[in-house]
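Engineer: Let me give you the structure first, and then I'll get to my questions.
The values are calculated or read from the model by the stated rules, or taken from the named source; none is laboratory data. The shown structure was predicted, so the numbers you read here are calculated from the model rather than taken from an experiment. Here Cβ is always computed from backbone atoms with ideal geometry, including for glycine, and neighbour counts include all displayed protein chains.
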Amino acid sequence: MEYLLGIDIGTSGTKTALFDTAGKLVASKTYEYPMAQPKNGWAEQDPRDWWRAAVQGIRGVLRESGAKPESIRGVGLSGQMHSLVLLDEHDEVLRPAILWCDQRTAAECDEIHETIGKSRLIELTANPALTGFTSGKILWVRRHEPELFKKCRRILLPKDYIRLKLTGEYATEVSDASGMGLLDVPHRRWSDEVLQKLGINQDLLCRVYESPEVTGTVTKRAAEETGLAAGTIVVGGAGDNAAAAVGTGVVTDGKAFATIGTSGVVFAHTDKLSIDPAGRVHTFCCAVPGAWHVMGVTLAAGASLQWFRNQLCGDIIEMAKERQIDPYVLMDQMAEAVPIGAERLLFLPYLMGERTPHLDPDCRGAFVGLSAIHTRAEMIRAVMEGVTYSLRDCAEILREMGVASERIVACGGGSLSPLWRGMLANVLRCEVSTAASREGPALGVALLAGVGAGLYESVPAACEAVIRTESPLRPEAEAAGRYEAYYQVYRSLYPALRDSYAALAKL
């Protein structure tokens, strides 16, 4: 028996999954780690926690499966995008990684637009400068921690730090690099013009590969730490959303998916480069060589419900422990008993600022319409509906660009909820299915490893051989109409609050 290994370095934990060459899950382990928020709007993690979690995960799946290390044909890597890892000359971590959801770089993003020109930047990188992107983080560290930045010899993304630990190679790939704000996305290479104007030395960056390309092999030292066989290939892999696209079969024109994970995404594949001149959605290179994807992102999707659970549902968490079930199952049951509209309560899921469509690092979450009749059940439902409305905002822009699909695949933790999937179908007004496999990014990068190992001819061929979807949920006219009325009110709230958000940020 031969196997493929997928490692997904997420925000809350790293998932390591072992698959056979038919895509069947053999073993999976997830190890969590903390996220620090030193200030309001900041988010950081220790990259060494990612490596410890990866080592534990690899050893765990090998132990559970009994697979021989030499039977693993290849390793694929996925991970949270944009987060900044700085290393010194000895490859030691210089500071905690600044994460994708960190909002501290508004001034640096303004500086990038002033230096390059916003329209020119979008022309070169297919995206404006956003607070989540890596380029602004680099400028922030250079400005605020100059002595530390002088020691920097290498800039990496999260999954590429794990690659370095596995292979000793400095490498990245086009999908993840697209989210740095430094890649010439149309031509799939670093932008000399952007780097020169921002004063960033290209020697700090890694070589850029296509996602299924082999980037290195497991070193003897990494083999001793992880239990893998030295010489095992490691492919480029992909950023988390591009990896999820492979794991759900969204690798050809006309296919799309929506994710309710920590963040929320509406993602469409395109063989033809398509860029929103206003920069409201992202255009990135995808994991299929020579193709791209367009996606809208809401920063706090599942994170909004997780926040509510952690802060206001301690008794539900304890009850779930006693019953040995997930707290979200109980929260789902509470929300399902509440009618559409949550008794005229709306939630804006801007806990970490927002990207699509507002591009506003200062906006924050809000309950609107809260009254004395509302209980936690209505609030839970309002959070779920608010996240779904934010995904509708993303879908509307993709429709304007002509890359939306009338059928999407739902993935991420939120897709496990039939209630939430029904909301997606009715609010987005399209069919919503789920992939038969729930492994998403981990399966996606395992398939990329299979392409790199020569087991599949191409990424679409790998998905054709492995990916299956369940029967779709279809929108219901009456429910869709009721949601539509609330969505129109939801759309009116951000413009009404925008100036108040900006004023609060200055206090």
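Engineer: Spot the failing condition for Gly41; the list is (1) at pLDDT 95 or above; (2) at positive phi; (3) not hydrophobic (A, V, I, L, M, F, W, C), and only one is missed.
Structural biologist: The failed condition is (1).
Engineer: Something else now. Give all pairs with beta carbons closer than 7 Å in which a residue from the stretch 116-141 that is surrounded by 24 or more Cβ atoms within 10 Å (Cβ to Cβ) meets a residue that is at pLDDT below 95 and aromatic (Phe, Trp, Tyr); count only pairs at least 6 apart in sequence or on separate chains.
Structural biologist: Correct list of pairs: Gly132/Trp100.
Engineer: Taking Gly239, is it in contact with an Asp or Glu (Cβ under 6 Å, 6 or more places away or on another chain), of a type outside the set (Val, Ile, Thr), closer than 29 Å to Arg355 by Cβ and crowded, with 24+ Cβ neighbours inside 10 Å? Can you show your working first?
Structural biologist: Details: in contact with an Asp or Glu (Cβ under 6 Å, 6 or more places away or on another chain): yes; of a type outside the set (Val, Ile, Thr): yes; closer than 29 Å to Arg355 by Cβ: yes; crowded, with 24+ Cβ neighbours inside 10 Å: yes.
Against the criterion (in contact with an Asp or Glu (Cβ under 6 Å, 6 or more places away or on another chain), of a type outside the set (Val, Ile, Thr), closer than 29 Å to Arg355 by Cβ and crowded, with 24+ Cβ neighbours inside 10 Å), Gly239 qualifies.
Engineer: Could you tell me which numbered condition Ala496 fails, if it satisfies all but one of (1) surrounded by fewer than 19 Cβ atoms within 10 Å (Cβ to Cβ); (2) under 25 Å from Thr30 (Cβ atoms); (3) not hydroxyl-bearing (Ser, Thr, Tyr)?
Structural biologist: Failing condition for Ala496: (2).
Engineer: Could I ask something else about it? Restricting attention to the stretch 440-470, and to residues there that are in contact with a Ser or Thr (Cβ under 7 Å, 6 or more places away or on another chain) and either among the β-branched types (Val, Ile, Thr) or part of a loop (DSSP other than H, G, I, E, B) (or both), which single residue is farthest from Gly236 (Cα to Cα)?
Structural biologist: That would be Glu470.
Engineer: Give the number of residues within the stretch 419-452 that are closer than 30 Å to Ala337 by Cβ and touching a residue at least 40 places away in the same chain (Cβ under 8 Å).
Structural biologist: Residues that pass the stated criteria total 17.
Engineer: Taking into account only those residues within the stretch 408-467 that are polar (S, T, N, Q) and either over 12 Å from Ala258 (Cβ atoms) or out of contact with any Pro (no Cβ under 8 Å at 6 or more places or on another chain) (or both), which is surrounded by the fewest Cβ atoms within 10 Å (Cβ to Cβ)? Spell out the reasoning first.
Structural biologist: Restricting attention to the stretch 408-467, the residues satisfying the condition of being polar (S, T, N, Q) are 415, 417, 426, 433-434, 437, 458.
Those left that are additionally either over 12 Å from Ala258 (Cβ atoms) or out of contact with any Pro (no Cβ under 8 Å at 6 or more places or on another chain) (or both): 415, 417, 426, 434, 437, 458.
Working: Ser415: 25, Ser417: 21, Asn426: 24, Thr434: 20, Ser437: 22, Ser458: 13.
Among them, the one singled out is Ser458.
Engineer: Of the numbered conditions (1) in a loop (DSSP other than H, G, I, E, B); (2) in contact (Cβ under 8 Å) with a residue 40 or more places away in the chain; (3) surrounded by fewer than 17 Cβ atoms within 10 Å (Cβ to Cβ), Lys197 satisfies every one except a single condition; which is it?
Structural biologist: With (1) in a loop (DSSP other than H, G, I, E, B); (2) in contact (Cβ under 8 Å) with a residue 40 or more places away in the chain; (3) surrounded by fewer than 17 Cβ atoms within 10 Å (Cβ to Cβ) applied to Lys197, the lone miss is (1).
Engineer: May I pose another question? Within the bounds of the stretch 367-378, is there any residue that is crowded, with 22+ Cβ neighbours inside 10 Å and either in the same structural domain as Gln488 (by TED's automatic domain parsing) or not in a helix (DSSP H, G or I) (or both)?
Structural biologist: Here is the first cut: in the stretch 367-378, the residues crowded, with 22+ Cβ neighbours inside 10 Å are 378.
Now narrow it down to the ones that are either in the same structural domain as Gln488 (by TED's automatic domain parsing) or not in a helix (DSSP H, G or I) (or both): 378.
Within the stretch 367-378, one or more residues are crowded, with 22+ Cβ neighbours inside 10 Å and either in the same structural domain as Gln488 (by TED's automatic domain parsing) or not in a helix (DSSP H, G or I) (or both).
Engineer: Can I ask one more? So which residues in the stretch 12-63 are outside any strand (DSSP E or B), of a type in the set (D, E, K, R) and more than 22 Å from the chain's Cα centre (by Cα)?
Structural biologist: The first filter runs over the stretch 12-63 and keeps only residues outside any strand (DSSP E or B), leaving 12, 21-24, 33-35, 37-43, 46-63.
Filter once more, so that each one left must be of a type in the set (D, E, K, R): 24, 39, 46, 48-49, 52, 59, 63.
Within the stretch 12-63, Lys24, Lys39, Arg59, Arg63 meet the criteria.
Engineer: Within the stretch 100-144, how many residues turn out to be part of a loop (DSSP other than H, G, I, E, B) and either farther than 20 Å from Met352 by Cα or touching a strand residue (DSSP E or B) at 6+ places or on another chain (Cβ under 6 Å) (or both)?
Structural biologist: Looking only at the stretch 100-144, we keep the residues that are part of a loop (DSSP other than H, G, I, E, B), and these are 100-105, 117, 126-133.
Filter once more, so that each one left must be either farther than 20 Å from Met352 by Cα or touching a strand residue (DSSP E or B) at 6+ places or on another chain (Cβ under 6 Å) (or both): 103, 117, 126-127.
Number satisfying all stated conditions: 4.
Engineer: Anything in the stretch 143-191 that is touching a helix residue (DSSP H, G or I) at 6+ places or on another chain (Cβ under 8 Å) and free of Cβ contacts under 8 Å to residues at least 24 places away in the same chain? List them, or say none.
Structural biologist: Trp190, the sole residue that qualifies.
Engineer: I need the full set of residues from the stretch 340-388 which are hydroxyl-bearing (Ser, Thr, Tyr) and more than 20 Å from Arg309 (Cβ to Cβ), in order please. Step through it out loud before you land on a result.
Structural biologist: Of the residues in the stretch 340-388, the ones hydroxyl-bearing (Ser, Thr, Tyr) are 350, 356, 371, 375, 388.
Answer for the stretch 340-388, where residues must be hydroxyl-bearing (Ser, Thr, Tyr) and more than 20 Å from Arg309 (Cβ to Cβ): Thr356, Ser371.
Engineer: Looking at the structure I just gave you, is Gln80 crowded, with 24+ Cβ neighbours inside 10 Å and either within 23 Å of Thr219 (Cα to Cα) or touching a helix residue (DSSP H, G or I) at 6+ places or on another chain (Cβ under 9 Å) (or both)? Steps first, please.
Structural biologist: Values: crowded, with 24+ Cβ neighbours inside 10 Å: yes; either within 23 Å of Thr219 (Cα to Cα) or touching a helix residue (DSSP H, G or I) at 6+ places or on another chain (Cβ under 9 Å) (or both): yes.
Yes, satisfied.
Engineer: So if I check each of Glu173, Glu210, which one is buried (at least 24 other Cβ atoms within 10 Å of the Cβ) and within 25 Å of the chain's Cα centre (by Cα)?
Structural biologist: Numbers: Glu210 fails: buried (at least 24 other Cβ atoms within 10 Å of the Cβ).
Just one listed residue meets the conditions, Glu173.
Engineer: Say we look at the stretch 260-280 and pick out the residues that are surrounded by 23 or more Cβ atoms within 10 Å (Cβ to Cβ) and in contact with a Phe, Trp or Tyr (Cβ under 7 Å, 6 or more places away or on another chain); which of these is nearest to Arg188 (Cα to Cα)?
Structural biologist: Looking at the filtered set, the residue picked out is Phe267.
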